[in-house]
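Peer 1: Quick one: this structure, given as structure tokens, is what I'll be asking you about.
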Amino acid sequence: MKRLLQKQDGFSLVELMVAMVVMSVGFLAMSHIFMAAMEHSKQGKHDMAALSLANEILERVRATPYEQVYATYDGMTTTDLATIPSEARNWATHAAEEMPHGEFNVEIYKNGQKSYITENGILEVEVLASWQERGNTRTMRTSTFIVRMGS
């Protein structure tokens, strides 16, 4: 007498192995996406810190009387403490804390040219930030214009 085999429900070992491989590939791809997102987040954090610090020093420059801007801030760099005016020492300390591998430089131009500033004219104040990220030097440049008001 022959016994009839009943059909069994469920997955075979091969089906389970294929499902595990597909899930593993999916998880691996998601981990790469997650790592890339973390790297871009870090890059964005550095970009925002550099922009915030550059805008902060530009605000300090704007608060300085026109006649003193050139003498006070031109040529300032965070890599040489002797170039940092007393008005910007707190800012330089904050910049070093926020971006320890960063450097900020301030240059002042009149009518697009680097020269001594006369009594009249428009000053362009440019801040160049640079920092090391993943073995590459990243830079960000921002500027503002200052106009002499009154006579």
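Peer 1: When Phe11 is evaluated against the numbered criteria (1) among the aromatic types (Phe, Trp, Tyr); (2) free of Cβ contacts under 8 Å to residues at least 24 places away in the same chain; (3) under 30 Å from Glu133 (Cα atoms), which criterion, by number, is the only one it fails?
Peer 2: (3)
Peer 1: Follow-up question, since we're still on this one. Please determine, by comparing only the residues of the range 29-52 that are of a type in the set (A, V, I, L, M, F, W, C) and touching a residue at least 40 places away in the same chain (Cβ under 8 Å), which one is nearest to Thr78 (Cα to Cα).
Peer 2: Out of the qualifying residues, it is Ala50.
Peer 1: A further question on this structure: Out of the residues in the range 53-104 meeting the condition of being without any contact (Cβ under 8 Å) to a residue 12 or more places away in the chain and of a type in the set (Ser, Thr, Tyr), tell me which one is surrounded by the most Cβ atoms within 10 Å (Cβ to Cβ).
Peer 2: Here the residue is Thr83.
Here, each number is a calculation from the coordinates, and none is a lab measurement. In this text the structure is predicted, and so the values were computed from the model without any measurement. Every residue, glycine as well, gets a Cβ built from its backbone with ideal geometry; the counts of neighbours run over all protein chains shown.
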